[in-house]
Amino acid sequence: MTAGGKGGARGFTLIEVLVAFVILALALGALLPALSGSLRGARLSGDTLVATAYAQSLLAGVGVEGGIAEGSFTATLERPGFASRLTVRPWAGGAAGGDEPRLYEVTARIEWHGGGRPQAVTLTTTRYARPHR
């Protein structure tokens, strides 16, 4: 800062103001990519949380209203851009036969496009139930 005439008025010179703007521009230039990456990560984390909740919900509903039907099924999800597939098949180590209860392997897969590329969450569990007839 420089001192003015006899009145003692003080202020910044044009050079000092320009230097301050250059420093501010460099700092913002360094911070914006980091902020952008953080926002992408937060969005992906939120989408993964939603997909996991959908998958858990699908798994929880299998076999609740009676027997289990084998096959591959799709479900409509409330969130746009998310697709689901539920696969039910006899567990490889389980005994098969008639109407007797047995173990089933149940897999829920939720897919979506996040960050410009496909993303997916897959959860698998087993259920002990009678086959659906």
State yes or no: is Gly11 modelled with pLDDT of 90 or more, out of contact with any His (no Cβ under 9 Å at 6 or more places or on another chain), more than 30 Å from Gly116 (Cβ to Cβ) and among the small types (Gly, Ala, Ser)? no
Any residue at all in the stretch 30-50 that's surrounded by 11 or more Cβ atoms within 10 Å (Cβ to Cβ), modelled with pLDDT of 90 or more and of a type in the set (Val, Ile, Thr)? yes
Can you tell which of Leu39, Leu49, Leu32, Leu24 is over 15 Å from Thr126 (Cβ atoms), over 23 Å from the mean Cα position of the chain (by Cα) and free of Cβ contacts under 8 Å to residues at least 12 places away in the same chain? Leu24
Filter the stretch 110-133 down to the residues that are under 13 Å from the mean Cα position of the chain (by Cα) and under 16 Å from Val62 (Cβ atoms) and list them by number. Ile110, Thr122
Is there any pair with a first residue in the stretch 67-79 that is under 14 Å from Pro90 (Cβ atoms) and a second that is among the polar types (S, T, N, Q) whose Cβ atoms are under 7 Å apart and which are 6 or more apart or on different chains, and what are they? Ser72/Thr87
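Determine whether Glu65 is touching a helix residue (DSSP H, G or I) at 6+ places or on another chain (Cβ under 9 Å), among the charged types (D, E, K, R) and surrounded by fewer than 10 Cβ atoms within 10 Å (Cβ to Cβ).
When the stated conditions are applied, Glu65 does not pass them.
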Conditions: (1) in a loop (DSSP other than H, G, I, E, B); (2) surrounded by fewer than 10 Cβ atoms within 10 Å (Cβ to Cβ). Leu77 meets all but one. Number of the miss? (2)
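The values are calculated or read from the model by the stated rules, or taken from the named source; none is laboratory data. No experiment lies behind these values; they were computed from the predicted model shown. Don't worry about glycine lacking a Cβ; one is built from the backbone with ideal geometry, like all the others, and counts go over all protein chains shown.
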